[in-house]
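Novice: Got a structure for you, questions after.
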């Protein structure tokens, strides 16, 4: 029996799918351009964020966050539109894709960064190029040049640093770090050993950035004891919003992850993102 996917608004997913019998799903640059243009149109219609992608000849990887529309609907529409175009353009009638697409639910910030790096290094692992920025058909260049034309680069860059120039530089450093990993062990999406290694690197880096505890950050907002206790329970009372705002932004500046920040006051990582105030320079 096929296992049902976990889906909810605001969820992050790493999606991948291969061609039928591992055959190519992209033959020309026009095919890849059409795939991306379809995806942009779907973003406008189904209100989801595209955080990363790579288009290889016989498969694709997507990193996205859903809105109210479920992942299944988004991928079904994208695959349907593109397969019709591909079959018509290349005078074929067979199924374009192989098995059902694979989707890994991403539930913490470290995993999110690990997946993005894994996606951008895919062409290097395949022996197509020496560095991620040498490959045209991924979102790596969009991040390096701060170009949110197809990909919603601001979401991840804002997590890295609220000063955009610093965020872009840190992104490039992260990509260089990924290049020093042992890719011989990475055989498919979701390789546990690879992701575990990257997550360890992230956590060690974050631990070095932390200055004060989350409790101290909250107390520094000027909150009284009664409101502090309600804030810790995840209360949505409007009067607590200014404290949440100050707490979230200072905790991010101190190097805490969205998961850590949200868990301490009993809110989701998506809710934490709503309080983030980017400083774009």
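The values are calculated or read from the model by the stated rules, or taken from the named source; none is laboratory data. Remember, predicted model here, so these are calculated numbers, not experimental data. Virtual Cβ from ideal backbone geometry, glycine too; neighbours counted across all protein chains shown.
Novice: Tell me which residues, restricted to region 244-262, are assigned to a helix (DSSP H, G or I) and surrounded by fewer than 17 Cβ atoms within 10 Å (Cβ to Cβ).
Specialist: Passing the criteria: 245, 253.
Novice: Still on this structure, please answer the following. Being out of contact with any helix residue (DSSP H, G or I) (no Cβ under 9 Å at 6 or more places or on another chain) and over 18 Å from residue 11 (Cβ atoms) is the filter here, so list the residues in region 101-130 that pass it.
Specialist: Once the filter is applied, which keeps residues that are out of contact with any helix residue (DSSP H, G or I) (no Cβ under 9 Å at 6 or more places or on another chain) and over 18 Å from residue 11 (Cβ atoms), region 101-130 yields 126, 127.
Novice: Moving on. Name the residues in region 134-159 that are assigned to a helix (DSSP H, G or I) and touching a residue at least 12 places away in the same chain (Cβ under 8 Å), would you?
Specialist: Listed by number, the residues that qualify are 140, 143, 144, 153, 154, 155, 156, 157, 158, 159.
Novice: Taking the condition within 15 Å of residue 217 (Cα to Cα) and either at pLDDT below 85 or not in a helix (DSSP H, G or I) (or both), does residue 267 pass?
Specialist: no
Novice: What's the number of the condition residue 74 fails, among (1) in contact with a strand residue (DSSP E or B) (Cβ under 8 Å, 6 or more places away or on another chain); (2) at pLDDT below 95?
Specialist: (2)
Novice: So residue 117 clears everything in (1) surrounded by fewer than 20 Cβ atoms within 10 Å (Cβ to Cβ); (2) assigned to a helix (DSSP H, G or I) except one condition, right? Which one?
Specialist: Result: residue 117 fails condition (1) only.
Novice: Determine whether region 217-238 contains at least one residue that is touching a helix residue (DSSP H, G or I) at 6+ places or on another chain (Cβ under 9 Å), at pLDDT below 80, surrounded by 12 or more Cβ atoms within 10 Å (Cβ to Cβ) and not in a loop (DSSP other than H, G, I, E, B).
Specialist: The answer is no, given that none of the residues of region 217-238 is touching a helix residue (DSSP H, G or I) at 6+ places or on another chain (Cβ under 9 Å), at pLDDT below 80, surrounded by 12 or more Cβ atoms within 10 Å (Cβ to Cβ) and not in a loop (DSSP other than H, G, I, E, B).
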